[in-house]
1. Once you order the gyration tensor axes a ≥ b ≥ c over the Cα atoms, which shape class does region 16-77 get: rounded for a/c under 1.5, otherwise prolate or oblate by comparing a/b with b/c?
2. To one decimal place, what Kirkwood hydrodynamic radius in Å is obtained for region 129-180 from all pairs of distinct Cα atoms?
3. Using the Karplus curve 6.51 cos²θ - 1.76 cosθ + 1.60 with θ = phi - 60°, what ³J(HN,Hα) values do you get for each residue of region 60-67, in whole Hz, with x for Gly and Pro?
4. Given labels modelled 7 Å from the Cα in the Cβ direction, how far is it in nm from Tyr123 to Arg28?
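Just so it is clear, none of the values below were taken in a lab; they were calculated from the coordinates. This is a predicted model, so every value here is computed, not measured. For neighbour counting, all protein chains shown are included, and Cβ atoms are generated from backbone atoms with ideal geometry for every residue, glycine included.
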Amino acid sequence: MNSPESEDPAEEARALPAVAPQLRALRRRAALTLEAAARAAGLSPAHLSRLETGQRQPSLPMLLALARVYGTTVSELLGETSADRDAVVRAADMEPTRAGGWTYWQAGASGRGMQALRVHVPYGSQGDVVRVHPGEEWLHVLRGRLRLRLGDTTELLGPGDSAHFDSLTPHRIAARDDDGVDLLFVHTLLQSPTATLCLGPTPSDIGETP
């Protein structure tokens, strides 16, 4: 697999906003040396130095890699500023959305690096979608009991219990009781176009017993 540094020069030459000032500022904000940041992003220190001084323009794969390392978004790397978002989301403004029998409410602003949701998982979706994608997930049980499968391990979580795991671990979420389970759910997307939230049961799995 090619590293971000080995991208086609023709692709790299496509016009992108000047990002040199942002790259250096965000690296320093992340408290990373040039060598550590370059290593984590799959670049050489000399190449990252040229990016930070404006001698080279980064390709999109480089931007994605650096955004992941610095814990930010490509938009911030490019110096783009988004419209101010309300920090507070009122309960009255949380419109329920249904998918595959699940109900969820957006509990945070859109366009953030994290997706925050309040979720109701009904009983009967014990065989819901197996999820494998970049990022991290954190969930907290508000009401009911949750059966969480992480790889080959199954955990039973009750009210007040939480779980925090790498989303590349195959995972499945299911309500243990007849009246379902309510969760707080936070998911980091890590700038992956495939890192979408998967909701709802797989029909062939419905009826699986705990």
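1. Values: a/c = 1.27, a/b = 1.07, b/c = 1.18.
Rounded is the answer for region 16-77, as its axis ratio a/c remains below 1.5.
2. Working: mean 1/r = 0.0887 Å⁻¹.
When all Cα pairs of region 129-180 are included, the Kirkwood radius is 11.3 Å.
3. 4, x, 5, 4, 4, 5, 5, 4
4. 5.9 nm
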